[in-house]
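Right, one structure below, let's go through it.
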Amino acid sequence: MEFGGGGDAVPCGKDKFISRNELLLHLKTYNIYYEGQNLQLRHREEEGELIVEGLLNISWGLRRPIRLQMQDDNQRIRPPPSSSSWHSGCNLGAHGSVLKPSTLPDIPVTDGDTAPSTENPGNGAAPRPAEEAPQLMRTRSDVGVRHRGSARTPGEQRRLRRHRFSINGHFYNHKTSVFTPAYGSVTNVRINSTMTTPQVLKLLLNKFKIENSAEEFALYMVHTSGEKQKLRGSDFPLLARILQGPCEQVSKVFLMEKDQVEEVTYDVAQYIKFEMPILRSFIQKLEEEEDREVKKLKHKYSILRLMIEQRLEEISEGPTAM
């Protein structure tokens, strides 16, 4: 729907607009539904533009596994000076003393059979063998994960989990970095009404450190009736959610593979949940109706044909009679 005046219209997709007052009315209904919950949305004006922001629930609807990124410890964790682990180019002793640079551990990046030993005087423990890595696609930080993962203290592991979001309790583990999220399980991302579908997809994949390209996925508005509507690249998912209403028992936003899902229109969706005998009876009724319409058309045009033929005969007989 289009509105004139520019300032009174809010874009909600390609060549699609909604009036500001109507959007605010939908937003009020949305916030009343989620009163007292963190899914309530806020709105503000920025340079005359109405912007809505907040959390958007997205359900996992994947059929194929996803790959989680492997990353180096020093990208996410910075242990305090009292830690016995080394980072930032220094080796810290057990009591926080900095050892000489010559005592830095030598990590062979080409040999994956044994783990590097820490040079700690008085510690006679034998080096621990490196944990076997599964046959996964190697990434830039694979070496760091394999050789330094076993040296983390329980405190560091807890800090790593706090810095990395889990997918329904599934934290990164290089043995299970390729997995499929439970179908229908819900996550959320904080977005605003100016973010398009590709931007929301990239934000979601980055939140969980997913290696797969955003081009593999799409967002769908899935209704309980069976209707599936793909959100276009020019659509704004948060506005689409607001306009559909807040109740997720009626419709949900799903993340799905592009090549695994076909859109289902409302006209088709209303027949999906019927049993096969009922659908066959519908087809039979439609065929009978089609036959009746065909007979009507044939009768109509046969009458027209007779009228045209009679008129032609009258015209041809006219000159001879004169």
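Return the residues of segment 251-283 that are assigned to a loop (DSSP other than H, G, I, E, B) and closer than 25 Å to Lys14 by Cα; say none if nothing qualifies. Let's see the steps before the verdict.
From segment 251-283, those assigned to a loop (DSSP other than H, G, I, E, B) are 261-263, 265, 273-275; that's our starting set.
Residues satisfying the conditions are Val261, Glu262, Glu263, Thr265.
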* Structure fact -> In segment 210-230, residues that are in contact with a Phe, Trp or Tyr (Cβ under 9 Å, 6 or more places away or on another chain) and open to solvent by 40 Å² or more (accessible area, probe 1.4 Å) total 4
* Asked: In this structure, is Gly233 free of Cβ contacts under 8 Å to residues at least 60 places away in the same chain, part of a helix (DSSP H, G or I) and either open to solvent by less than 70 Å² (accessible area, probe 1.4 Å) or over 30 Å from Leu201 (Cβ atoms) (or both)?
  -> no
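Look through segment 20-69, keep the residues that are within 20 Å of Phe236 (Cα to Cα) and small (Gly, Ala, Ser), and return whichever of them is surrounded by the fewest Cβ atoms within 10 Å (Cβ to Cβ).
In the first step, residues of segment 20-69 are kept if they are within 20 Å of Phe236 (Cα to Cα); the result is 20-31, 39-61.
This time we only want the ones that are small (Gly, Ala, Ser), so: 48, 54, 59, 61.
Values: Gly48: 7, Gly54: 22, Ser59: 19, Gly61: 22.
Residue satisfying both the conditions and the ranking: Gly48.
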* Which one of these is β-branched (Val, Ile, Thr) and touching an Asp or Glu at 6+ places or on another chain (Cβ under 6 Å): Val264, Val294? -> Val264
* Asked: Which residues, counting only those in segment 31-86, are out of contact with any strand residue (DSSP E or B) (no Cβ under 9 Å at 6 or more places or on another chain) and modelled with pLDDT under 90?
  -> Glu46, Glu47, Gly48, Met70, Gln71, Asp72, Gln75, Arg76, Pro80
* Residue count for segment 29-65, restricted to those that are of a type in the set (Ser, Thr, Tyr) and part of a strand (DSSP E or B) -> 1
* Residue among Ile272, Ile308, Ile303, Ile283 that alone is without any contact (Cβ under 8 Å) to a residue 12 or more places away in the chain and under 46 Å from the mean Cα position of the chain (by Cα) -> Ile283
* Close pairs (6 angstrom Cβ cut-off, 6 or more residues apart or separate chains): under 13 Å from Leu41 (Cβ atoms) in segment 180-205, open to solvent by less than 30 Å² (accessible area, probe 1.4 Å) and of a type in the set (Val, Ile, Thr) anywhere -> Ile191/Val200; Asn192/Ile51; Ser193/Ile51; Ser193/Val52
* To do: Could you tell me whether segment 289-296 includes any residue that is touching a strand residue (DSSP E or B) at 6+ places or on another chain (Cβ under 8 Å) and open to solvent by 70 Å² or more (accessible area, probe 1.4 Å)?
  => no
* Out of the residues in segment 241-250 that are in contact (Cβ under 8 Å) with a residue 60 or more places away in the chain and more than 14 Å from the chain's Cα centre (by Cα), which is farthest from Asn21 (Cα to Cα)? -> Glu248
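The values are calculated or read from the model by the stated rules, or taken from the named source; none is laboratory data. Not measured: the values here are computed from a predicted model. All Cβ positions, glycine included, derive from the backbone under ideal geometry; neighbour counts span all protein chains shown. Just so you know, the surface numbers come from the protein's heavy atoms only, side chains and all, with ligands and any DNA or RNA stripped out. Shrake-Rupley method; radii C 1.70, N 1.55, O 1.52, S 1.80 Å.
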